[in-house]
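Asks: I have a structure here, written as C-alpha cells, and I will follow up with some questions on it.
What follows draws every value from the coordinates through simple rules; no lab data is involved. What you see is a predicted model, and the numbers here were worked out from it, not measured in a lab. When we count neighbours, we look across all protein chains shown, and the Cβ atoms used for this are built from the backbone with ideal geometry, even at glycine.
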Amino acid sequence: MSEVLLTVSSEELTPETAPGTVYDRFAQEGVLAYERCTSCDSAIFPPRVLCPVCGGGVLAWEASAGRGRIYSQSTITRRDGSSYTVALIDLDEGFRMMSTVTAAAGAATAIGDEVVVTFDTEDEQALAVFVAAASDTKENTLREARTPAEVYAVFYGAINDGDLEGAVSVYTPETIFVRDGARLDVAELRTRLAAMIDTDPRVRPVDIRVIEFDDHAFTEVDVEVERNGADGARVRTIGTDAHVMRRLEDGSWRVLRGTVVRKGEIVA
Ligand SMILES: [Zn+2]
C-alpha cells in the first residue's frame, strides 16, 4: 500500500481539504493522488468526501504509482479529422479513472494495454493523461486477471494483439464453452480462436456485468467485434456472452464455463 499523504475527515472539511482542491494541488506537483477509505480500505476515485462503498467519512490520500491498464476505450474523431482516445484505466492501486491515452508513434492502444500517467501542464491546471507503457514491459508478460472484469481485458486485449496463447490463458484445463448445443473444450476453443484471430479482429467489450461471490463470479459481456468477413469486407457485430469464473489459489481469475446469450448480430 502507498504512503499516506494526508488524512481528511468529512467532519473537519475546509476549502483547503475539499477533495477537488487536494487532488489538483497534488497534480500540480506531478502526483496522481487518490483516496482510500480508512474504514473499509476501498480505493476511491474520483475524489469524494464520503466513501461510496461504506459511507465512511475519514479518507486517506495516497500517491498512485501512476501505472495501470486500459479497461475500455473509445476513439473520438474531431471535425478536422484528427482524433484522440478516451479510456477507462484501472490503476494498480485498485481505482478506475477516465482519461485520454496516447499510443506509441504509429500504433493504437488496445484494451489491456499497460499505460503510465503523465501530467499535461499546458493549461493552468495539471491534467493527468496516460501514455502507453514501454512495449518491452508488455511483450511476453503473462497477463493475469486480478478481477473478473479484467479477464475480459486480458482475453480481448490478447485477441486484438493476435496473441492466441494470451487469449487461451484465461481458461482452466477444465473449461467448457457451450455454443449451439455443443460442448467445446479448450482444444476446440483454441482452434476457433486461432481462426478468429486470422480475421484480424478488433474486439471491444461494450458493457460488462459481474456478480461476484467469494471465489466465483457470474459475468455477462456485450461485445462488439469488427473483423474481415468471408468476402474480405469488414463486418461489425454485437453479441452477448455469459461466463462463470473462478479465482484460483494464486489470486488470478479464470473462465470455468461460458455460453452465448445473444449471437453476434451485424450492425452498420
Ligand atoms: Zn469505506
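Asks: Mind telling me which of Pro15, Pro205, Pro148 comes out most flexible in a GNM of the chain, alpha-carbon contacts under 10 Å?
Replies: Most flexible of the set in this elastic network: Pro15.
Asks: What per residue convex hull volume, in Å³, comes out for segment 8-139 when only alpha-carbon positions are used?
Replies: So the per-residue hull volume is 126 Å³.
Asks: Whole percent per 10 Å bin, from 0 to the bin with the longest distance: what is P(r) over all C-alpha pairs of segment 4-63?
Replies: The calculated distribution, bin by bin, is 26, 60, 14, 0.
Asks: Would you work out which of Val225, Cys54, Leu88 lies farthest towards the positive end of the dipole of the chain, given +1 charges on the beta-carbon of Lys and Arg and -1 on that of Asp and Glu, about the Cα centre?
Replies: Positive-most Cα among the choices belongs to Val225.
Asks: Okay, moving on. Sticking with the crude label model, points 7 Å out along Cα→Cβ, report the distance from Thr199 to Lys263 in nm, one decimal please.
Replies: Result for the modelled spin labels: 1.3 nm.
Asks: What FRET efficiency, computed as 1/(1 + (r/R0)^6) with R0 = 25 Å and r the Cβ-Cβ distance, is obtained for Arg183 and Val86, rounded to the nearest 0.05?
Replies: Working from the Cβ atoms, E equals 0.05.
Asks: Another one. I'm checking a number: the convex hull volume of the Cα atoms of segment 67-137, normalised per residue, in Å³. What is it?
Replies: In segment 67-137, the Cα convex hull volume per residue is 101 Å³.
Asks: In nm, what is the difference between 0.36 nm times the number of residues separating Leu256 and Phe119 and their Cα-Cα distance?
Replies: That works out to 45.3 nm of additional length.
Asks: I'd like the distance separating the alpha-carbon centroids of segment 40-73 and segment 143-166, in whole Å.
Replies: 24 Å
Asks: Over the alpha carbons of the chain, what is the largest minus smallest coordinate on each principal axis, giving the biggest first in Å?
Replies: Between the extreme Cα coordinates on each principal axis of the chain lie 61, 49, 34 Å.
Asks: So for Val244, Val22, fewest C-beta neighbours within 10 Å to most, what's the order?
Replies: Neighbour counts put them in this order, fewest first: Val244, Val22.
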